[in-house]
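Below you'll find the structure, written out as structure tokens, and then a few comments.
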């Protein structure tokens, strides 16, 4: 597209119509994004111009605008190319300009697209196109007699049948390249197509994790995304085979009818043969491939959304806060690595505990842990939930009880991604002289203090809260997870004087390079005294400062509002409010009584409206308030530590660790999470598991089945469920019917840290 066309094209009308949003709001978002504003900044500080759109809607506008612009660019390329060929009719131009989907646009371009030599092009080279025109027209005359004129052995047309076959090839290609006819076939695949799955011959007799789909079929229209991805993974591993089946005869009949084939006409019989050949040889393979690609994209989007939702819950998990914590990375042969971090997350002590090397080593471990607790007085001991984790928890509890350290509690913390962090460049930069296992123990302790601050150091994909994350489109996944991390970080806010480089780099407007410069400046000049001091850092100009400042906090700084989410651009306004009340600014900030006396309507202006003013008043009442829940660890039964301790029918409390499209995984304290299938999540029909549970929820479950061989635990959250022999079809049962419901009381958020599981008291 030319520069002039780019300037002239406005995506706003199309985006607004597609997303059903006010055009003025969409226009404001598009303009702000083009000016370099970030999504968090727009969502928080530009509510007046966007109509109060949240970050989810802003991201949707951003993505749809990008799609519409790409579509327009492709449209112009196609129009130019067809015009060069001298084949651009008014009707075709109108169809192309009115096209709103890429698939339809490419179908319209298909007849004019440069292509390799086909049976049709070869037939045209042999001079058979006039004969194909006769077939298409279905006029008078005898096809066999007229075909005689086209027999030419020199061109490879040896007889009448060869001439007619070549002419039919030309007609078949013409049929296959018709956009309207391709749309019929594509719609058939999507609405009535059946995905038929079977095992590959070499795996028929083997037991595999894909046996649920060994003999399986389901309508494409009702196939859940997670099931499609599971089947696709089975195909990639060579265990499964699948075919997308449609009623070929019925579709062929539809095409014959659409093209008004005269079956009583001799030419019409040849046209019908060409149509059915076009369907089976040309259209079905290519359209099936397109449908699979489209379905994969839909499944990827659904899987990414599940991952993003779970990740958001983890990142916004309740922090223990600024308290000293002992972190333990369990180990048998090499011992348990122990790290003590102070209230700021700084390493102050570390050791190794040997629990399985004999009585003497065990006594030394008890003594070492006791000394650490008495010396550093931690609030909690965080134990990694990996191998030997529950045994280590039991040891820690024993020491705490025997030493009368009731004020210290032990919690199990997920190790997901800890090994990735401990071997990362970030960990090496933080602790260059420490073993990777000690770094892992530090990470475990810090995760309990502030999960958000620690987890931003890890690739989100390594945290393991999604479904089929390795199978989805990786750029899409990375982009979405980055958006989630950025959203969470900016929602909570970042302490400027303690934040790490990875955390700072997630602040709106700040790159990794600028984050490093901020830390370097802080190390050299000392703690920041004010937000405006950021302008002294190389690489931070007015634009970057505007985007980032509101999300950075400075406790006990020179300006009282630097500890709040009030943007510096509104400091003068708040100062005027304090003046009007007759109090000092420090008196106003943090005083809910004084803040409650402010009549926001007095301060409405052209730039500042009700949304911003109400946000300001909320901040004045509780400046820098952490939006996350308060920490509250759950409890597990002390007599249930391994899968072998589980019995069918047992009722347990558990914590939701992952939510997928087909159900929720629940930790009941035995290393292996159990699955509550979507059909067993509530006493009613549930369409989407996210309707009733989220990561971090505490729920009561009943053990329905324990499969030690496959390390699978089947659970139920239904009140009336009693164990019964498992149904072979349960996992394959479709769960995508019905209407969404409100979240029941049973599944209220536990308001706990999703990594934390308090050991039961004896």
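None of the figures in this text is laboratory data; all of them are computed from the coordinates on show. All values derive from a computational prediction rather than experimental measurement. Cβ coordinates were reconstructed from backbone atoms using ideal geometry, including for glycine residues, and neighbour counts include every protein chain displayed.
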Distance between modelled label sites at residue 221 and residue 600, nm, 7 Å Cα→Cβ extension: 4.7 nm
Compactness check, the range 164-309: C-alpha Rg relative to the 2.2 N^0.38 Å globular estimate gives 1.27
Using alpha-carbon coordinates, inclination of helix 359-376 to the longest axis of the chain, degrees: 80 degrees
Could you work out the relative contact order of the range 197-245, using alpha carbon pairs under 8 angstrom and six or more residues apart, expressed as a whole percent? 55 percent
The FRET efficiency for residue 56 and residue 187, from their Cβ-Cβ distance with R0 = 25 Å and rounded to 0.05, is 0.25
So what's the convex hull volume per residue for the Cα atoms of the chain, in Å³? 229 Å³
Checking rank on 620-628, 542-550, with mean other Cβ inside 10 Å and highest first, the result is 542-550, 620-628
Mind pulling the angle between the C-alpha long axis of helix 610-621 and the longest principal axis of the chain? Nearest 10 degrees, somewhere in 0 to 90. 20 degrees
The convex hull of the Cα atoms of the range 560-708, divided by residue count, gives a volume in Å³ per residue of 188 Å³
Stretched out fully, how many nm does the piece from residue 407 to residue 719 gain, at 0.36 nm a residue minus the Cα gap? 108.8 nm
Quick one: angle between helix 248-258 and the longest Cα principal axis of the chain, in degrees between 0 and 90, rounded to 10, please. 60 degrees
What base-10 log of the normalised intensity I(q)/I(0) is obtained for the range 325-449 from the Debye formula, alpha carbons as equal point scatterers, at q = 0.14, 0.20, 0.22 Å⁻¹? -0.52, -1.09, -1.32
Label-reachable residues, the range 527-560, where backbone N falls under 17 Å from a point 7 Å from residue 584's Cα toward its Cβ: 556-560
Could you tell me, in Å, what Rg and Dmax come out for the Cα atoms of the range 1-107? 16.1, 52
Label-point separation, residue 700 to residue 593 (7 Å along Cα→Cβ), nm: 4.5 nm
So if R0 is 25 Å, what FRET efficiency would residue 672 and residue 651 give, r being the distance between their Cβ atoms, rounded to the nearest 0.05? 0.90
Inter-site label distance for residue 298 and residue 87 at 7 Å from Cα along Cβ, in nm: 3.1 nm
If you split all Cα-Cα distances of the range 566-623 into 5 Å bins from zero, what percentages do you get per bin, shortest first? 4, 21, 36, 29, 9, 1
DSSP beta bridges in the chain, what fraction antiparallel, as a percent rounded to 5? 75 percent
How large is Rg/Rh for the range 494-564, to two decimals, with Cα atoms and a Kirkwood Rh? 0.90
Which FRET efficiency, nearest 0.05, do residue 34 and residue 260 yield, Cβ-Cβ r, R0 45 Å? 0.35
Please give the contour-minus-distance gain from residue 333 to residue 608: 0.36 nm per residue of separation, less the Cα-Cα distance, rounded to one decimal in nm. 92.7 nm
What length, rounded to one decimal in nm, is gained on full extension from residue 683 through to residue 632, with 0.36 nm per residue of separation minus their alpha-carbon distance? 15.6 nm
Percent of alpha-carbon pairs separated by more than 19 Å within the range 533-607: 42 percent
Just need the Rg to Rh number for the range 256-323, please, alpha carbons only, Kirkwood Rh. 1.57
